[in-house]
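Notes to accompany the following structure.
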Amino acid sequence: MNLKNCNLLAIYLNEFNYTYLLKGAKKYNCKSIIEVLKLKKVYTFTKDTKQDYNLDPWVQSVSINTGKSSKKHKVLKLGQRIKNDTNQIWDILSKNKITSSVYGTMNSRLRISKYLKYYLPDPWNFKDKTWPKNLMGLYFLPNYYAKNYLKFSYLKFFYYSIIFFITLIQNSKFLNLIDDLLLALKVILKRGIKNYILFFTYDLIQLNIFNYNNSKKKSSFAMIFLNSIAHYQHNNWNEKKNEKYFFLFAEKIFSKILILKKKYKSILIFNGFTQKKIQSQYLLRPKDPKKFISKFIRFKNLEQDMTNGGFIFFKNKQETNNSIKTLNKIYIKNKKVFQVKKYRENCIYYKMNIKSLKIISESEIKNNLNFEKYLIESSKDNKVKLSEKLDISDYFVKDIKFMKSTGVHIPEGIILHGNVKSFNNLKKIENHNLFNHIRNYFIPNSIT
C-alpha cells in the first residue's frame with residue numbers, strides 16, 4: 001500500500017450543533033468555520049436515546065472506535081474500560097502495519113505497537129498512560145483538574161501546571177502556543193476565568209501538540225477528540241454576552257483544522273451526535289464528592305466523572321452492599337438523591353439524581369417548605385418506605401454546587417468529509433458504522 005496517497009485525518013468535534021455554528025459563523029464573519037462546514041455531509045444516528053445512560057460521548061466514542069453498538073460493547077460509564085478482546089480502529093490498522101496517532105478519544109485503551117506513534121488518553125481515563133511515556137507531563141494537569149475542578153489543591157495544581165508547560169514547550173511550536181495563550185488571556189481579562197475558556201484553551205493546546213508531533217512522526221491515520229464546543233453548548237448556550245467569545249475561540253479551532261487538512265489527503269469531521277438548546281436547568285453536584293458521600297457511607301476510594309457521578313470502591317462485599325442500601329435511602333424531600341448501580345465486585349457507579357429549575361439558597365430551604373417545586377428528579381424510583389428514608393434537605397445546599405445545563409443530547413449527528421469515497425452517495429449511517437468506513441479507507445472492501 002502506498003501510504004503517501006492514503007492518509008486520513010479524523011476530528012471528533014464532540015456534539016457540535018451544525019445549524020448553530022453556521023448561523024453564528026455568518027453573524028460573526030467566521031470564514032474558517034464557514035469553509036469547513038461546506039464539506040460534503042453524511043448524517044448519522046444512534047439507537048441509543050437516553051442521556052446519562054447510553055446517549056453520551058463516552059459511549060458513542062467507544063461505538064465509533066470499535067464498530068460495535070453499545071448493546072454489544074456494553075461500555076456505559078465514563079472511565080470504564082473496553083474488554084481485552086475488543087479491537088479499536090487503530091488496533092486493526094496496527095495489525096495491518098498502518099501507523100496511527102490518537103489524542104483524547106473517550107474510554108479508549110492503550111495497546112502499545114510500533115505502528116502507534118502517539119496516544120493521549122482522555123482526562124477521565126484512570127488506567128491508561130500516554131505513548132510515548134514522555135508525554136505524561138501533558139496528562140497530569142487535565143486529569144487532576146477533570147476529577148477535582150469543583151474543589152482542588154492549589155499546590156497540586158501549581159505543581160502539575162509547571163510539569164504541563166515544560167512538556168508543552170517541548171511538544172509544540174512556541175509562537176503558535178503564545179498566540180493561543182494570548183487569545184485566552186484577552187478573553188479572561190474581559191469575561192473573567194470561566195470554564196468554557198479553559199476548555200477552549202485546552203483544545204487549542206491539544207491541536208498545537210497534535211500538529212507538532214504529527215509533523216515529526218506523521219501517521220497514516222490521525223485522530224483527535226475536541227470537547228470545548230460541547231461543553232459550551234451544555235453550560236453557556238443561552239448566554240448572549242459570551243456568544244461572540246465562543247465564536248472567537250471556535251473560529252480559531254476551525255482555522256487550525258484547515259491547516260491540518262492541507263497535510264492529509266482526506267478528512268473526516270464528526271460529532272457523534274448533537275445537542276438541542278433547552279431552558280436552563282441546574283445539575284446538583286457536591287463540591288467535594290468524597291467529603292459529601294463519606295457522611296453517609298464508608299469507602300476505600302472515589303473517582304468522580306465529568307458530570308455529577310463517578311465510581312466508588314469498597315474493601316469488601318459487605319461494605320459494598322451496605323453502602324448501596326444506604327445511598328438508596330437518601331432523599332431531599334420526596335426526591336431520591338442518588339442513582340446507584342453495581343459496576344463490578346466491590347465497586348459501584350453513582351450519579352446525583354436531582355436537577356433544579358433555579359439556584360436554591362440555604363435560606364430558601366430553611367424558610368420555604370415549598371422549595372421542592374424547583375426540584376426535578378432524573379428518574380422515578382420511590383420503592384423505599386417513607387419510614388426508611390434519610391432526608392438531608394436541611395443541609396445539602398452547604399455542600400452542593402449548582403451547575404447550569406443549557407443543552408441536552410439528541411441521537412442525530414453529522415459527518416463532514418473530504419475525499420472519502422465510501423461516503424459518496426450515502427445520506428445516513430448508524431454511528432458505529434463510521435468504524436467500517438475508516439477501516440475500508442485503508443483496507444478496501446472491508447465494510448460489513
Is it the case that some residue within the stretch 318-337 is surrounded by fewer than 16 Cβ atoms within 10 Å (Cβ to Cβ), touching a Ser or Thr at 6+ places or on another chain (Cβ under 8 Å) and not hydrophobic (A, V, I, L, M, F, W, C)?
no
Taking the stretch 419-448 only, how many residues are within 20 Å of His73 (Cα to Cα) and either of a type in the set (Asp, Glu) or modelled with pLDDT of 95 or more (or both)?
11
Out of Asn227, Asn211, Asn235, Asn271, which single residue is within 26 Å of Val59 (Cα to Cα), among the polar types (S, T, N, Q), surrounded by fewer than 22 Cβ atoms within 10 Å (Cβ to Cβ) and touching a residue at least 40 places away in the same chain (Cβ under 8 Å)?
Asn235
Of residues in the stretch 192-206 being out of contact with any helix residue (DSSP H, G or I) (no Cβ under 6 Å at 6 or more places or on another chain) and part of a helix (DSSP H, G or I), the one surrounded by the fewest Cβ atoms within 10 Å (Cβ to Cβ)
Asn195
Looking across the stretch 50-65 at residues that are at pLDDT below 95 and of a type in the set (S, T, N, Q), the single one that is surrounded by the most Cβ atoms within 10 Å (Cβ to Cβ) is Asn54
Residue in the stretch 293-304 that is assigned to a loop (DSSP other than H, G, I, E, B) and touching a Gly at 6+ places or on another chain (Cβ under 9 Å) present
no
Total residues in the stretch 425-448, condition in contact with a strand residue (DSSP E or B) (Cβ under 8 Å, 6 or more places away or on another chain), surrounded by fewer than 17 Cβ atoms within 10 Å (Cβ to Cβ) and farther than 19 Å from Lys71 by Cβ
3
Considering residues of the stretch 145-174 that are open to solvent by less than 30 Å² (accessible area, probe 1.4 Å) and of a type in the set (Ser, Thr, Tyr) only, the residue nearest to the chain's Cα centre (by Cα)
Ser161
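The values are calculated or read from the model by the stated rules, or taken from the named source; none is laboratory data. All values reported here derive from a predicted model rather than from experimental measurement. Neighbour counts run over all protein chains shown; Cβ positions are idealised from the backbone, glycine included. Ligands, DNA and RNA are excluded from the accessible area calculation, which covers all protein heavy atoms including side chains. Shrake-Rupley method; radii C 1.70, N 1.55, O 1.52, S 1.80 Å.
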